[in-house]
1. Between Val170 and Thr448, what length comes free when the chain is fully extended (0.36 nm per residue of separation minus the Cα-Cα distance, one decimal in nm)?
2. Output needed: percent of Cα pairs per 5 Å distance bin for the stretch 45-88, bins running from 0 to the one holding the longest distance.
3. For the chain, I need the span (max minus min coordinate) of the C-alpha atoms along each principal axis, in Å, sorted largest to smallest.
4. Per residue and in Å³, how big is the convex hull formed by the alpha-carbon atoms of the stretch 56-158?
5. Taking the Cβ of Pro222 as the centre, find all other residues whose Cβ is under 14 Å away and add up their charges (Lys, Arg: +1; Asp, Glu: -1).
6. In whole angstrom, how long is each semi-axis of the equivalent ellipsoid of the stretch 217-305, when you take the square root of 5 times every eigenvalue of its Cα gyration tensor and sort them from largest down?
7. Take the eigenvalues of the Cα gyration tensor for the stretch 123-231, scale each by 5, and report the square roots as semi-axes in whole Å, largest first.
8. Quick check: pseudo-label points 7 Å beyond the Cα along Cα→Cβ at Gln119 and Met327, how many nm apart are they?
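The values are calculated or read from the model by the stated rules, or taken from the named source; none is laboratory data. Computed from a prediction, not measured in an experiment: that's the story for all the values here. Cβ sites come from the backbone with ideal geometry, for glycine too, and all protein chains shown count toward neighbours. All accessible areas refer to the heavy atoms of the entire protein, side chains included, with ligands and DNA or RNA removed. Shrake-Rupley method; radii C 1.70, N 1.55, O 1.52, S 1.80 Å.
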Amino acid sequence: MMFLIHQSRWIHQSYRNLAFDFLQRIEHRFNEGAAPCIVQSCTQLDYDPFDFVVTVATTYPASQTQLIGSEDIQYFISLCQRRNQKPVPFIPRMDDNFHTWFMKHTTGQSEDLDTIVDQDAQRVYIQQGPVATQFSTKVNEPVKEILDGIYHSQIAALLDRYYGGDMSKVPAVEYLGAEPVVSTPPPSVITADSSLERIYYLPTDEALLPDHGTWISTICGPRKSWLRALLTAPLIFQGSKAEGNYVRRMMRPRTGQIVTIYEDDGGSIQSLEISSSSGCKELGISINDTGVIEFSIYLSPETTTHALSFHFAYRPLQAPLPIHEVMDGRDDHIRQLYAILGARDRKQLLGAATFPMPEDPIEFKGVVVTKEWVGEYCSVIGNHSENYPPNSERATLAPMDMLAIVSMDNLFRSMISEYVHNGLLNMVHLFNHTQYADGATPLKIGDTVSCKSVTSELTNTDADLSQR
């Protein structure tokens, strides 16, 4: 702020003298007289003051850790305020002279634009005076008209400078941003093209998968488009906050995937679908006529496929972040999907999803433990205990941890309630445990199990909402 590195010069000679005097003060504090002084002349700071400061710090290493004393503080303040000293471009102390420290240097920056940080003219504080007000020729001019005048004047100047004032010469682009980098997939990716679609078959060997960035560039094609804006935007706006682009993360290449990109007659991308090697649809992206992008994740827990869809408003005029998530109804849609996936009786679950208070008990009755259920459960978790022999007529006991499955309905009812359902996609199951109550008998085939759950604790933690 006092020495211009790109021009190798001090903004003002008094800045050099200030630095020299304080370096000399440091040397006097730490030089015990055993060695000659190295701070001899102001000219030592003319060309590379930073290197000289490092030399002083190396020669007197204690200066880097020793707290500065009150006398030295007053000495430094006096240097900043002495006669013929150009106002320093920083506030040395927050005191009664704050207004002076803050305002005194502003006129100096307007005299030499190279002295502004990063040479950014918009960082200059413009004081109200004859020069600043010479173009204010209208009484009580609204702020909107002032800003519009600046805005349109800038456009007119750029149009005249680059296109000779001819609007017809201005090229039309999809959105403002870096030009696309054309990428080709590695030989391990099989490509099949037609007039209206591009199909990519990813390898089954994970070591042969393309790099994530190269893959994104490949499927977006050589043009700027809504799909490229969606997959390359670093952030997505969710209301008033910006979140990391989770759509881009979901598009990481995976083994065996089949990616189909549909285009119109003009080569513009209309939609994208990703399927597994077995043909099951996994992801889908499309855009409608109103500029709303739909991103769908397809889930098939049993025989029915369910879609978890997110919607984004594509606003190409709001570069560099043209993707804004539509938040209306988002949580309700996620809540409905959890209800479908998490309960044996969806209607019962949704009907119990709105209860007055979180601590109200939730009951689920009438689950019969069957031999088939025990066999399937033990097979899935790898429980080969002799107490639960598969397909045996003598099997009578059931694992106690099967009770966690029964309690899942109640857990889902609580999670999708209006009190705690926000943030379901970020939910992490921390733990659960089962223990015998006094006088309890082992769980047996044929028993009817009922479940009663109560939310005992809702806590706002640094990570998120914690439910117990």
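1. Net length gain for the segment: 92.5 nm.
2. Reading upward from the zero bin: 5, 18, 14, 19, 27, 14, 2.
3. Per principal axis, max minus min of the Cα coordinates gives 103, 68, 57 Å.
4. Spelled out: Cα convex hull of the stretch 56-158, divided by residues, is 203 Å³.
5. 0
6. 22, 18, 13
7. Details: eigenvalues 522, 62, 27 Å².
Over the Cα atoms of the stretch 123-231, the semi-axes work out to 51, 18, 12 Å.
8. Result: 4.1 nm between the two label points.
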